[in-house]
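Engineer: This is the structure I want to talk about, given as structure tokens.
Computed from the coordinates by the stated procedures, all read-outs in this text should not be read as laboratory data. Being a predicted model, the structure only gives us computed values, none of them experimental. Cβ coordinates were reconstructed from backbone atoms using ideal geometry, including for glycine residues, and neighbour counts include every protein chain displayed.
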Amino acid sequence: MKQHFQPMLPVVLLGLWLLLNDSLAWHQWLIGAALALAIPKLANTLRPLPARPRRLVVAIGLVWHVLLDVIRSNIAVGRIILGTVRQQPQVGFLKIPLDMRTPHGLAVLSIIITATPGTVWAGHDQDSNELTLHVLDLQDEEVWLRTIKERYERPLMEIFG
Amino acid sequence: MTPAELPLWAALPASLLLVTGGLLALLGSIGLLRFNNFYARIHAPTLANTLGAGCVLLASMLISSVNAGRPVIHEILITLFLVLTSPVTTMLLMRAAMFRRATGRDHKGTEAPPPAPETDRP
Amino acid sequence: MNGILDWAMHFALACFATGMVCAALRLLRGPSAQDRILALDTLYINGMLSILCLGIGVGAAIYFDIALLIALFGFVGSTAMAKFLLRGEVIEP
């Protein structure tokens with residue numbers, strides 16, 4: 001199956017190469033372009049399912065929300081560690097049914113959830129499409145469910161389709 | 001080890017970022033030592049991985065940009081790398097802990113085990 | 001004027017060093033294998049951050065490469081050990 005050319009991955013790779021060398025000299029552009037064209041071709045055989053992200057505005061909004069949530073939950077977890085809430089936190093597992101099926105969306109969702117302090121992605125059942133979430137201080141299950149469904153899953157479904 | 005003369009408008013936010021990052025990393029490590037349960041401990045180092053590292057990297061970017069007189073932003077690479085990789089380690093450790101609890105290999109298990117659900121090993 | 005930046009740098013370095021001591025204590029105390037891996041990962045992150053902090057003080061670009069390499073090795077090491085706990089081998093056929 002012939003795929004038409006996707007410019008996004010080579011452009012990102014070229015940008016990363018220029019950042020890594022911290023220079024804009026012409027030979028760096030040349031090497032970077034060669035690598036950026038060669039690496040996607042080689043990597044294609046490893047993971048043949050290409051992602052097609054759309055809706056840049058939604059993605060920027062999602063990044064902004066995640067940044068805010070990371071800062072907020074950093075403060076919350078810091079308070080728990082200092083023991084101002086209670087001596088030991090009440091850990092607990094939580095099952096959340098998902099609507100999203102696309103593997104790229106699930107991968108990004110797992111990274112968002114785990115990178116936010118206080119929650120860790122603990123597993124995903126492929127048949128029932130159910131996510132197991134581990135929460136550091138389980139107080140209100142409804143809040144976590146709503147946060148993940150509305151704040152993260154809906155924009156991800158829009159982005160990855 | 002004194003840095004070159006910096007203007008105050010750059011030194012102040014950079015100092016604030018450095019202090020914040022240091023405190024967050026310290027908090028994460030204290031949490032690692034303080035909690036009595038592995039499932040609670042796994043949440044603690046995320047503090048240092050996300051906002052702590054982010055603060056220090058931002059301060060480093062700010063200072064080296066002002067020193068060099070041009071934007072030096074290659075610290076973004078470390079930020080990107082940490083954001084992409086530290087969740088992978090955490091998730092793998094979580095699943096390893098659940099797997100070891102479920103199969104009873106965790107002889108020196110942690111206190112007060114929560115009911116672990118079934119893992120979804122392929 | 002730069003006294004405040006100098007002070008902040010030393011404060012952050014002290015924080016990272018204390019954090020590394022905490023992680024090392026957890027590494028020695030255990031009790032389970034995954035605790036030790038988590039502690040090692042924290043140790044790596046704290047070490048990387050203190051290298052970056054030193055790099056700010058010295059002002060040499062080489063510290064950035066060292067920090068990147070430490071982050072890389074820390075990820076590979078922790079992931080390999082976590083995978084070993086999970087599956088009993090690291091690289092599967």
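Engineer: What is the helix-to-structure angle for C:33-58, meaning the angle in degrees between its Cα long axis and the longest Cα principal axis of chain C, kept from 0 to 90 and rounded to the nearest 10?
Structural biologist: Once rounded, one gets 20 degrees.
Engineer: Would you calculate a helix-derived [θ] at 222 nm for the protein assembly as shown, using -39,500 (n - 2.57) for each DSSP H run of n ≥ 4 and dividing by the full residue count, to the nearest 500?
Structural biologist: -21500 deg cm²/dmol
Engineer: Another question about this same structure. Two decimals, Cα atoms only, Kirkwood Rh: what is Rg/Rh over chain A?
Structural biologist: 1.07
Engineer: Quick one: which residues, 5+ away or cross-chain, put their amide H under 5 Å from the amide H of A:Gly123? H built at 1.01 Å from N.
Structural biologist: Distant-sequence amide H within range of A:Gly123: A:Thr132.
Engineer: Counting only other chains, and only Cβ atoms inside 10 Å, what mean value do you get across the residues of A:19-32?
Structural biologist: Partner Cβ neighbours, averaged per residue: 2.
Engineer: I've got another one for you. Apply the Karplus curve 6.51 cos²θ - 1.76 cosθ + 1.60, θ = phi - 60°, to the phi angles in region A:54-67 and return the couplings in whole Hz, x for Gly and Pro.
Structural biologist: Whole-Hz 3J(HN,Hα) from phi for region A:54-67: 10, 6, 4, 5, 5, 5, 5, x, 5, 4, 4, 4, 5, 4.
Engineer: Next up: Let me know the mean shielding of C:74-83 by other chains, meaning the per-residue number of their Cβ atoms within 10 Å of its Cβ.
Structural biologist: 5
Engineer: Give or take rounding to whole Å, what are the principal axis extents of the alpha carbon atoms in region C:3-87, in descending order?
Structural biologist: Extents along the principal axes: 50, 25, 12 Å.
Engineer: Now for a separate question. Using the Kirkwood radius built from alpha carbon pairs, what does the Stokes-Einstein equation give as D for region B:12-102 at 37 °C and 0.692 mPa s, in µm² per second?
Structural biologist: Estimated diffusion coefficient is 226 µm²/s.
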